[in-house]
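Novice: I have a structure I would like to understand better, so I am pasting it below and will then ask my questions one at a time.
The values are calculated or read from the model by the stated rules, or taken from the named source; none is laboratory data. This is a predicted model, so every value here is computed, not measured. Reconstructed Cβ throughout: ideal geometry from the backbone, glycine too, with neighbour counts over all protein chains shown.
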Amino acid sequence: MKPRFIKLFLALFLPFASFLLLAHFLFYYNNKYENNPVYPIGGVMFCSDADLSGNSVIFLAHQWNFFPGKQYTPSDFNEKKVTGGTFLTLGSFGNFSLGSTSEASNGTATYRLTLSLPDTARTYSLYLPEIFSAYTLYLNEEKVCSQGNPDQTHYKDLIGNKEISFTASGTVHITIIATNYSHIYSGITYPPAFGTVTAIQKYLSTRLFISGITLAAIFLFSACSLFFFCRLKHKNALIFTILCGLFFVISLYPVLFSYGSYSVFPWYPLEIACLTAMYPCMVLLQGTILNLPKKLIRHETLIFGSCVVLSLVFTLFLHGSTHFAKIYSEFLFLYKAGCALLLLFQAYYSYQKKLHTSPILLIGTVLFAASLTADRMYPGYEPIYGGWFQEIGTFLLVISIGYELWQDLSKTYRAKLLLEEETHYLAKQIEIQKAHYQELTERIDESIRLRHDHRHHMQTVTTYLQNNEREKALEYLAQYAEQREQKGRIVL
């Protein structure tokens, strides 16, 4: 029992605690809300030369002036026509309702933040991540760029990441008018990044490099699984290929929106569909690997698959309701938590009962559950580099499922290769035996012919001797001996 307890401790508590420690570290050292060289005061970000030196990137997350339901231009602020603002930390609320069920989650709003820069003019970059779902950016009084059309009467959604370079000194007012009637999220949910051109470009290139490595790894997993499916026609290999394909699509979005701008439909419903569809695939694969009853696996897959349909219905038709937005948020949490608990219970039970002896799948499931726990423990986490906790946990679970699956598939593939080699060897032996049999048959036929000829010669010699024709008999025997010498000796 003691060695078994140690194994369970190593497979359960150690991975869980290790991931939470990693999450704690990332929260303080890889978080746009926490790892900043300077913080704003009263809606003003005071940036010194030291704050902007080197490759320092400032994330504009806190103390934004937020005006829900208003579209204020810089001239409105100059003429002091602005009323009803409040300070806001970006990402605190996913929409314009500010958590109130009496306010609409969709609509329009104005964001404003003031930068106090050094007196020496320099060229800076402002990186704007996805803003839902249309906006116009002003720097001081100048209209710099627009994505879509935020005008409520001519609204058109268009989303993409933008990098704007500008030369400035002293005070710079950032004003963003955002409008959304297309998506669950509204306005600015991800903090913009500000710094020198070199710092921002290095930051963006590092993010894209990490995304590229992740995409390459997922593509490699998918290609290997597809290879096994093509060679073995194994259903699980196809399902794992689909799982990797769904994960690949989700991981592709940061790269996709860095090089282009796209409308909300169909791209964001597709993202949500891929995210929610991953869970039934993971449940199905885990159940198959653990040799659970097929009826149970079908029921579990059907339940989680129906949740994918519900998620799509809400995304497409009910995204404008604040009440349903809260319900949807809780629904997603319960959906993910339910999947994690189910996977964890099945993996633990199978390992405890020695139905599945490898701890890899159990460890991967524990890490996935720990990632969801960390996501609830640290809600104010926005990664500077890499993905969110849930994305990290999902990636680790996919690796563990792939490892267990490929162990089985590689054994099957090796057995198939061995069988093909043995079949080829037997076929070759049969061909050799057929050739030998043909040669043997020819030798037998030749032996029969020689015996027949021998009888004929003996009858001829006997006839000569009976007729006292001794000279003819000797002459005939001499001719026969000469013919035998020319043909050579026949060996059967």
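Results for (1) outside the structural domain of Glu442 (by TED's automatic domain parsing); (2) closer than 28 Å to Glu442 by Cα; (3) at pLDDT 70 or above, shown as yes or no for each residue.
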residue: His457; (1), (2), (3): no, yes, yes
residue: Tyr464; (1), (2), (3): no, no, yes
residue: Asn468; (1), (2), (3): no, no, yes
residue: Gln479; (1), (2), (3): no, yes, yes
residue: Gln483; (1), (2), (3): no, yes, no
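Novice: Follow-up. Given the options Ser75, Ser97, Ser48, name the one that is over 29 Å from Thr167 (Cα atoms) and among the polar types (S, T, N, Q).
Specialist: On inspection, the qualifying residue turns out to be Ser97.
Novice: Continuing with this model, one more query. Which of the residues spanning segment 178-196 are of a type in the set (Val, Ile, Thr) and either under 30 Å from the mean Cα position of the chain (by Cα) or not assigned by TED's automatic domain parsing to the domain that holds Gly91 (or both)?
Specialist: Listed by number, the residues that qualify are Ile184, Ile188, Thr189.
Novice: May I ask you to verify whether Phe248 is assigned by TED's automatic domain parsing to the domain that holds Ile399 and modelled with pLDDT of 90 or more?
Specialist: So Phe248 passes the test.
Novice: What number of residues within segment 384-406 satisfy the criterion of being touching an Asp or Glu at 6+ places or on another chain (Cβ under 9 Å) and in contact (Cβ under 8 Å) with a residue 24 or more places away in the chain?
Specialist: Number satisfying all stated conditions: 3.
Novice: Ok, one more. Those residues that are surrounded by fewer than 21 Cβ atoms within 10 Å (Cβ to Cβ) and either part of a strand (DSSP E or B) or of a type in the set (Asp, Glu) (or both), I need them from segment 89-111; list them, please.
Specialist: Once the filter is applied, which keeps residues that are surrounded by fewer than 21 Cβ atoms within 10 Å (Cβ to Cβ) and either part of a strand (DSSP E or B) or of a type in the set (Asp, Glu) (or both), segment 89-111 yields Glu103, Gly107.
Novice: Right, something else. Name the single residue that is surrounded by the most Cβ atoms within 10 Å (Cβ to Cβ) among those in segment 18-36 being part of a helix (DSSP H, G or I) and touching a Ser or Thr at 6+ places or on another chain (Cβ under 9 Å).
Specialist: Once the filter is applied, the top-ranked residue is Phe19.
Novice: Please enumerate the residues belonging to segment 344-359 that are buried (at least 17 other Cβ atoms within 10 Å of the Cβ) and outside any loop (DSSP other than H, G, I, E, B).
Specialist: Leu344, Gln346, Ala347, Ser350, Tyr351
Novice: Here's another thing I want to ask about it. Residues in segment 298-315 that are of a type in the set (S, T, N, Q) and exposed (fewer than 12 other Cβ atoms within 10 Å of the Cβ): how many?
Specialist: Residues meeting the conditions: 1.
Novice: OK, next. Report yes if some residue within segment 359-375 is small (Gly, Ala, Ser) and over 22 Å from the mean Cα position of the chain (by Cα); otherwise report no.
Specialist: No, segment 359-375 contains no residue that is small (Gly, Ala, Ser) and over 22 Å from the mean Cα position of the chain (by Cα).
Novice: Determine whether segment 130-146 contains at least one residue that is in a strand (DSSP E or B), of a type outside the set (Lys, Arg), more than 27 Å from Leu256 (Cα to Cα) and not assigned by TED's automatic domain parsing to the domain that holds Pro266.
Specialist: yes
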